[in-house]
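Notes follow the structure.
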Amino acid sequence: MPTLRLDKWLWQARFFKSRALATAEIEGAGVRINGVKTRKPGHVLRAGDVLTFRQAPDIRVIRVLELGQRRGPASEAQALYLDLDPPAPLE
């Protein structure tokens, strides 16, 4: 089964503008992978994993659908995950 580093995937999926920002968030606040907290940016990620992490003021809960090959446009990045707890629409 293919794998990818956690920091690289968060960057490719466009949750963070750079890998350095993704690494800082992982090492600082931590990210939960399938309910287990990690502070290692190089943690192995697989399709099907559920991630819980902080992004600005929100807590994101997403399921990894694909690992991706590159950091492409936003439409390509959105195909990499399923948002399990989408933010409420702005009124």
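None of the figures in this text is laboratory data; all of them are computed from the coordinates on show. Since the model is a prediction, treat every value here as computed from it, not as a measurement.
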- Message: As a test of the formula, what do you get for the chain when each DSSP H run with n ≥ 4 contributes -39,500 (n - 2.57) and the sum is divided by the residue count, at 222 nm and rounded to the nearest 500 deg cm²/dmol?
- Response: -6000 deg cm²/dmol
- Query: Fully extended, how many nm does the chain gain between residue 65 and residue 21 (0.36 nm per residue separation, minus their Cα-Cα distance)?
  - Reply: 13.6 nm
- Message: Test of understanding: what is the full-extension gain from residue 58 to residue 46, defined as 0.36 nm times their sequence separation minus their Cα-Cα distance?
- Response: 2.0 nm
- In whole percent, what relative contact order does the chain give with Cα contacts below 8 Å and a gap of six or more residues? 27
- Item | Kirkwood-type radius of region 16-91, with distances r between different C-alpha atoms, in Å | 13.2
